[in-house]
Each structure stands twice: as structure tokens, then as C-alpha cells.
Amino acid sequence: MNVFMNVHAIRAIYRFEMARMWRTPTQSIAAPVISTSLYFIVFGSAIGSRIAEVEGISYAAFLVPGLIMLSVLTESVSNGSFGIYMPKYSGTIYEVLSAPVSPLEVVIGYVGAAATKSVILGAIILATARVFVDFGIQHPLWALAFLVLISVTFCLFGFIIGIWADGWEKLSMVPMLIVTPLAFLGGSFYSISMLPPLWQKIALLNPVVYLVSGFRWSFYGVSDVNVAVSLGMTLLFMLACLGVIWWMFRTGYKLKA
């Protein structure tokens, strides 16, 4: 395998990026876990006590997949963008680009580490949710598959943002103004079947709806969108991100300037 791929380079990038997570555990792990716990307390306990059930599931349990996705999506974009932006900001990206490392190996190293962080965070939040809510997972393997796939996909999206951004403002602008609102409006806190018919159709234009719906299906066997459609939309978005990244490396867009 070393003949075709520089495994040592991938491992070096991966380990360097993972080391950053353990150097900043408060920012990388504690902050998102505490924020999600507050959502469980406010929405699950305070508001959930006033809402009986959603699609036959207690509202507190219904929130679990959505809140995990909310955190994983935002952290995946943040991890993916920050990982590649910092070498650009410090100038060390030119050392990586001039080394005998292919674009594929660079992407695997950076995105692989970012996705690993997101999956770890998702698992920690899932364990934390058990403190607040009693729930089960009907399809645990599918839940893991959706978690990994969504983490990789949005880390790729974050990687694109990290290359595109030429300042800290741009780096935070897309997650703040686009990703977070889409996550909040993507069915994290409710089922889109609760919306009026017109707004249900509008909600289907939000790609996050398909991600949350598929992940929630793996927990409870219910979803707003057919699980095959959810999986297909996620794969389609991932392929689109891969296509943009391929173009960026091929043209040197904001990498070789």
C-alpha cells in the first residue's frame, strides 16, 4: 500500500491534528458537551414536560438524535475548517504542498482527524444524554454509520471553508450564518410533520432535514423522510464536497497564491 499512498504522511498529519484535541479539551470536548446538556435541561425537562409525545416518542427522547446532530454538524464544520486554515494562516501549508504528499493524502489526514474528533464528541454526548433521558437505539450499526458518514461529509465541507476563508471573520461566517440556522431549522427540535403543508415542502429544501431524519430513524425507526433518501442525499452532498476539493487542489485555489 505504501507504493500507492504515503501512509507515513497521513499518519503524521492525523496525529498532529488529534494532538490539538487533547491539548484543548475544554474547547474541543467540554464546551460542546456542556452546551448540549443545557439543551437537554431546557428543552427536555422544562419544555418536554409540557409536550406529551412526538410520533409516539417522549419529547425528551425525541430530542436526543437531533441534539447530537446539531453538535456534530457544527463541530465537524469547525474542526474541518480550522484544521486546514491554521496551516494557511501560519504558512506551513506550503511545506505540506511541497512535500511528497498527494492532495488525497492531505485530505485523508486532515479530514480523517477532524471526523474522528466529531465521532468521539458524538459518542460522549450520547453517553451524557443517558444522564437526562431514558432511550434506546433500534439500529445501532446504522446509527454509527450515519454518525461517521455525516461527520466525514461536514468535515469535508469545513475543509472547503478553511481553504476559501482568508480571514477569521470568513472562517466563522459560514458556520454562524448558514450551518447553525440550517441545523436549528432541520428538525433537531421537532418533526417537520408538525409544520403546515407549505412549510413542510420548504423544509425539504434544507439538507440537514435528511441528515437528522436518517439519524433519528436509526434510534426509533421513525423519520420525516425515507431513510434511503436520507442516505442518498448525504452521499450526494459528500460527493459534491469531494468534487469541490478536487477542483481546489487541481487549480491551486487559495492554496498556491
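Here, each number is a calculation from the coordinates, and none is a lab measurement. These numbers come from a predicted model, not from an experiment. For neighbour counting, all protein chains shown are included, and Cβ atoms are generated from backbone atoms with ideal geometry for every residue, glycine included.
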> Taking the Cα-to-Cβ direction at residue 256 and at residue 123 and moving 7 Å from each Cα, how far apart do the two end points lie in nm?
Replying inline: 3.9
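Going by how many other Cβ atoms sit within 10 Å of their own, how do 256, 88, 170, 117 line up, fewest first? Before the final figure, lay out the partial values.
Numbers: 256 10, 88 17, 170 14, 117 25.
If I rank by nearby Cβ atoms, fewest first, I get 256, 170, 88, 117.
For residue 23 and residue 222, compute 0.36 nm times the residue count separating them, minus their Cα-Cα distance, and round to one decimal in nm. Before the final figure, lay out the partial values.
Numbers: separation 199, 0.36 × 199 = 71.64 nm, distance 3.93 nm.
Between residue 23 and residue 222, full extension yields an extra 67.7 nm.
In which sequence would 108, 34, 245 go, from the one with the fewest C-beta neighbours within 10 Å to the one with the most? Write out the running numbers ahead of the final one.
Numbers: 108 18, 34 11, 245 22.
Least to most surrounded, the residues fall as 34, 108, 245.
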> Which residue fluctuates the most in the chain, going by a Gaussian network model with Cα springs under 10 Å, if the choices are 23, 130, 216?
Replying inline: 23
> Of 106, 131, how do they rank once you tally other Cβ atoms within 10 Å and put the fewest first?
Replying inline: 131, 106
> Tell me, what ³J(HN,Hα) does each residue in segment 239-247 have, in order and in whole Hz, if you take phi through Karplus 6.51 cos²θ - 1.76 cosθ + 1.60 with θ = phi - 60° and put x for Gly and Pro?
Replying inline: 5, 5, 5, 4, x, 5, 5, 4, 5
> If Lys and Arg each add +1 and Asp and Glu each add -1, what is the summed charge of the other residues whose beta carbon sits under 14 Å from the beta carbon of residue 177?
Replying inline: 0
> Put +1 on the Cβ of each Lys and Arg and -1 on the Cβ of each Asp and Glu in the chain; which of 174, 81, 206 then has its Cα farthest toward the positive end of the dipole?
Replying inline: 81
>> I want to check the label-to-label distance for residue 8 and residue 177. Put each point 7 Å from Cα in the C-beta direction and report it in nm to one decimal.
In response: 4.5
> Which of the aspartates and glutamates could a cross-linker span from residue 256 if the Cα-Cα distance has to be under 16 Å and same-chain partners fewer than 8 positions apart are dropped?
Replying inline: 95, 166
>> As an exercise, take the mean of 1/r over every pair of distinct alpha carbons in segment 7-251, invert it, and state the Kirkwood radius in angstroms.
In response: 18.6
> Simple spin-label model, 7 Å along Cα-to-Cβ: residue 102 to residue 31 in nm?
Replying inline: 3.6
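How much net charge surrounds residue 12 when only the other residues with a Cβ under 14 Å from the Cβ of residue 12 are counted, with Lys and Arg +1 and Asp and Glu -1?
Once all neighbours under 14 Å are counted, the net charge is 0.
According to the square roots a ≥ b ≥ c of the eigenvalues of the Cα gyration tensor, what is the shape class of segment 137-257, taking rounded for a/c under 1.5, prolate for a/b larger than b/c otherwise, and oblate for the remainder?
Working: a/c = 2.44, a/b = 1.70, b/c = 1.44.
The shape class here is prolate.
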> Taking residue 254 as the anchor, which lysines have their alpha carbon closer than 19 Å to its alpha carbon, excluding any fewer than eight residues away along the same chain?
Replying inline: 88, 170
>> Output needed: percent of Cα pairs per 5 Å distance bin for segment 105-190, bins running from 0 to the one holding the longest distance.
In response: 3, 12, 16, 22, 21, 14, 8, 4, 1
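Net charge near residue 57, counting Lys/Arg +1 and Asp/Glu -1 over other residues with Cβ under 15 Å of its Cβ? Walk me through the numbers before you get to the answer.
Numbers: positive: 216; negative: 53, 55, 134, 224.
That works out to -3.
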> Once you sort the root eigenvalues of the Cα gyration tensor of segment 167-209 as a ≥ b ≥ c, which label holds: rounded (a/c under 1.5), prolate (a/b larger than b/c) or oblate (the other case)?
Replying inline: prolate
